[in-house]
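The values are calculated or read from the model by the stated rules, or taken from the named source; none is laboratory data. None of these values were measured; they are calculated from a predicted model. For neighbour counting, all protein chains shown are included, and Cβ atoms are generated from backbone atoms with ideal geometry for every residue, glycine included.
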Amino acid sequence: MQLPRFRRPLLRFLLSVSLSLVAAQTWAGDAPSSEPHRLKRSDAFLGIHFDFHAGPDCTEVGRNTTRAMIEAILDQVKPDYLQIDCKGHPGFSSYPTKVGHPAPGFVGDPLRLWRQVTAERGVALYLHYSGVWDGEAVRRHPDWAVVKADGQRDDRMTSVFGPYVDQLLIPQLRELAGDYRADGVWVDGECWATVPDYGAAATAAFRAATGIDVIPKKPGEAHWIEWMDFHREAFRKYLRHYLAALKESHPDFEVASNWAFSDHMPEPVSADVAFLSGDFSPQNSLNSARFSARCLQNQGKPWDLMSWSFSAPQGHPVRPLKSVKQLEQEAAIVLAQGGGYQAYFRQKRDGSIYDWHMKLMAEVAQFCRERQALCHRAEALPQVALLYSRAAHYRQSPALFAPWGSDGIHALRGVLQALLESQNSVQIVSEHHLTGRMADWPLIVLPEWSYLEPAFRDELAAYARNGGGLLLVGPKAGALFARELGVELDGETATAARYLEHDGWLAGLNTPVQRVRLGGSAQPFGKLHHQDDPRSAFDVAASIAPLGRGKIAAIWFNFGDRYLNARVPTARHFLEALVRQLFPHPIVEVTGSSSIDVSVARNHGRLLVHFVNTAGPHEQEKQYVFDDFPAAGPLQVAVRIPAKPESVYLEPGHRRQRFGYRDGQVLVTLPPVEIHDVLVITP
């Protein structure tokens with residue numbers, strides 16, 4: 001017998017409510033003893049992230065969330081964890097919360113079903129929760145909002161000085177940890193969404209802490225740096241506060257604050273987060289991953305990074321799914337630095353998923369699993385240290401915690417790209433990584449930072465005197481070490497059209513240039529011609545000088561920003577030639593393709609050399625999806641090790657390689673790299 005149409009929705013609704021009540025009775029309280037073991041995030045490697053930022057349009061959340069849908073995800077992808085939506089930036093919760101602001105309508109309780117199925121299958125469940133950014137909270141409680149410099153209340157961001165954290169965030173996270181038995185939460189809209197607060201509580205606290213009465217309104221005004229640093233510490237206190245509250249009530253509930261202690265916060269981990277995580281740019285994602293992964297790998301915490309599975313500018317009406325090869329490239333960058341990986345897929349407005357998307361994630365998951373045993377938690381071997389200066393970045397950044405809009409970050413990323421395209425194994429490090437252990441790295445590179453704390457500057461100079469190689473990129477960085485370089489600055493830095501000469505070629509550059517006069521033992525390196533003619537007048541492009549038992553060099557024009565925005569191979573070759581003057585014997589030397597990223601690591605007692613093919617139109621704004629790029633190579637590889645190894649092979653696939661060994665080097669020619677190969681050398 002067929003039911004009348006008008007009764008079918010009602011029946012489905014009553015059935016869903018009944019199932020939810022059964023689930024609530026089954027899943028409230030302690031975990032059943034028969035549940036399979038679930039990995040903690042510190043041990044997890046692979047996950048899937050879903051979110052949809054529920055809003056006032058979400059009136060039937062849960063209608064199409066079924067056991068079969070969830071089981072299909074787990075069967076196809078076999079993840080260690082799922083990370084699903086529970087509250088997005090609009091502030092509406094996508095489950096029937098009793099302490100927060102639920103979306104307008106639900107069919108049952110979908111979150112209980114996600115928890116039930118994942119627990120039965122031994123898969124951890126984490127939740128996407130928007131923290132500082134909560135539009136509904138500030139709509140209902142305007143006094144919870146940040147006050148902007150013009151005196152108006154923000155309509156999105158809550159104040160870390162207000163009651164939001166105690167009256168909504170902590171109670172709701174406790175509800176998720178207790179009533180729903182979630183394994184943890186990935187708190188979005190946190191450090192990068194925090195902004196200076198001109199409200200009464202914040203300004204009073206600033207005056208009490210600093211004794212400064214006049215509150216600055218914009219960069220350049222007196223005490224702006226103190227004002228920004230005060231708010232940075234306020235965010236840290238807010239984060240530590242809610243972590244401590246959760247640790248007290250639910251000690252096993254694992255929390256990450258999105259982008260905390262990452263490239264957004266280049267500083268020591270000072271809060272009890274369980275893991276570090278972030279989602280890199282949906283476009284030009286590979287270069288975003290290159291930067292972000294290297295900022296996380298040395299922070300001493302389990303970490304992962306998230307790809308967006310789709311690509312197009314923010315707000316574009318159609319954002320197509322990326323290809324398998326695109327996501328595999330992005331994943332490979334992360335795996336080569338030892339991290340875990342997840343990818344973000346959209347949920348529909350009712351909270352269900354686009355199930356056809358999972359065939360993409362299933363293939364990418366298999367790619368990752370083939371490399372997991374080698375890559376996960378591998379330890380990078382120090383070669384080239386690229387300084388991400390916390391002190392300099394925080395002085396110049398227009399935001400409290402964000403890498404965008406910073407001239408120093410643009411320069412850093414340009415230098416990073418040039419170093420990687422010359423097959424250097426590079427780690428991004430900050431002051432807290434280098435202080436007291438600079439000698440671990442044969443070469444330290446400073447990319448156009450204009451400020452260093454005096455004690456740190458002096459330690460860098462001592463590092464070079466004691467045998468290290470120190471490379472300063474750009475006039476501002478070079479000026480900090482003029483005495484050690486044996487140079488005298490000639491006039492002011494000025495932007496000019498110049499032509500960099502290297503190896504018989506000229507590279508046109510329009511960039512800030514500093515003229516210098518060399519003295520003592522300083523030697524010129526390269527020429528900056530005034531005309532597109534090797535016979536024209538020129539300035540010194542770089543200088544190099546001995547310093548104690550080491551060497552120090554400086555490039556006297558802004559290399560990094562130019563390479564990021566106006567790339568020419570001659571400039572990259574010039575930088576690499578200067579690097580080899582300071583660091584002549586890296587562990588690995590590779591020739592054959594500038595599209596190969598090289599990373600050197602150790603894991604399980606074996607030496608690992610990662611080769612990631614970075615070819616493809618990553619920076620082309622009008623190409624969202626691509627699946628056709630050339631293999632890179634063949635590659636000629638020389639690896640310095642003290643004795644002839646037992647075996648040399650490529651993974652995945654355990655492909656044994658014929659190799660030679662002479663003068664302390666393993667010599668091998670490798671086939672072209674499709675996406676990611678790992679050369680494994682067993683002592």
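Worth a mention:
- Selection from the stretch 111-166 of residues that are surrounded by fewer than 21 Cβ atoms within 10 Å (Cβ to Cβ), part of a helix (DSSP H, G or I) and of a type in the set (Lys, Arg): Arg139, Arg140
- Here is the figure for the stretch 596-620: residues that are among the small types (Gly, Ala, Ser) and closer than 18 Å to Arg640 by Cα total 3.
- Residues of the stretch 292-333 satisfying the condition of being in a loop (DSSP other than H, G, I, E, B) and hydrophobic (A, V, I, L, M, F, W, C): Ala312, Val318
- Top-ranked residue in the stretch 253-286 [being outside any loop (DSSP other than H, G, I, E, B) and more than 14 Å from the chain's Cα centre (by Cα); ranked as surrounded by the fewest Cβ atoms within 10 Å (Cβ to Cβ)]: Glu254
- Test: Ser543 is in a strand (DSSP E or B), polar (S, T, N, Q) and either farther than 28 Å from Ala289 by Cα or over 32 Å from the mean Cα position of the chain (by Cα) (or both): yes
- Test for Ala362: is it more than 30 Å from Gly469 (Cβ to Cβ), in a helix (DSSP H, G or I), touching a residue at least 60 places away in the same chain (Cβ under 8 Å) and among the small types (Gly, Ala, Ser): yes
- The lone exception for Phe574 - which of (1) within 18 Å of Leu386 (Cα to Cα); (2) without any contact (Cβ under 8 Å) to a residue 60 or more places away in the chain it fails: (2)
- Residue within the stretch 301-320 that is of a type in the set (Ser, Thr, Tyr) and surrounded by fewer than 22 Cβ atoms within 10 Å (Cβ to Cβ) present: no
- Residues that are under 16 Å from Glu330 (Cα atoms) and crowded, with 16+ Cβ neighbours inside 10 Å within the stretch 607-625 comprise His610, Phe611, Val612, Asn613, Thr614, Ala615, Gly616, His618, Tyr624, listed in sequence order.
- Filtered by the rule that a residue be out of contact with any Pro (no Cβ under 7 Å at 6 or more places or on another chain) and either among the acidic types (Asp, Glu) or surrounded by fewer than 24 Cβ atoms within 10 Å (Cβ to Cβ) (or both), the stretch 92-102 gives Thr97, Lys98, Gly100, His101.
- Verdict on Ala571 being part of a strand (DSSP E or B), of a type in the set (Gly, Ala, Ser), assigned by TED's automatic domain parsing to the domain that holds Gly414 and crowded, with 19+ Cβ neighbours inside 10 Å: no
- Within the stretch 414-431, one or more residues are farther than 18 Å from Val579 by Cβ and not assigned by TED's automatic domain parsing to the domain that holds Asp229.
- Top-ranked residue of the stretch 638-683 - restricted to ones that are among the small types (Gly, Ala, Ser), more than 33 Å from the chain's Cα centre (by Cα) and assigned to a strand (DSSP E or B), ranked as nearest to Ile333 (Cα to Cα): Ser647
- Filter pass, Pro586 being under 24 Å from Ala332 (Cα atoms), surrounded by 15 or more Cβ atoms within 10 Å (Cβ to Cβ) and over 24 Å from the mean Cα position of the chain (by Cα): yes
- Every listed requirement among (1) over 28 Å from Leu246 (Cβ atoms); (2) outside any helix (DSSP H, G or I); (3) under 17 Å from the mean Cα position of the chain (by Cα) is met by Ala289 save one, (2).
- Listed conditions (1) out of contact with any Leu (no Cβ under 7 Å at 6 or more places or on another chain); (2) closer than 26 Å to Tyr81 by Cβ; (3) of a type outside the set (Val, Ile, Thr); (4) not in a loop (DSSP other than H, G, I, E, B) are all met by Leu176, apart from (1).
- The condition (being buried (at least 16 other Cβ atoms within 10 Å of the Cβ) and either part of a loop (DSSP other than H, G, I, E, B) or of a type outside the set (Asp, Glu) (or both)) is satisfied by just one residue among Ala455, Ala461, Ala439: Ala461.
- If you go through the stretch 639-666 and pick out every residue that is in contact with a Gly (Cβ under 8 Å, 6 or more places away or on another chain) and surrounded by fewer than 16 Cβ atoms within 10 Å (Cβ to Cβ), you end up with 3.
- In the condition set (1) in a helix (DSSP H, G or I); (2) closer than 27 Å to Gly338 by Cα, Val612 is compliant with all but (1).
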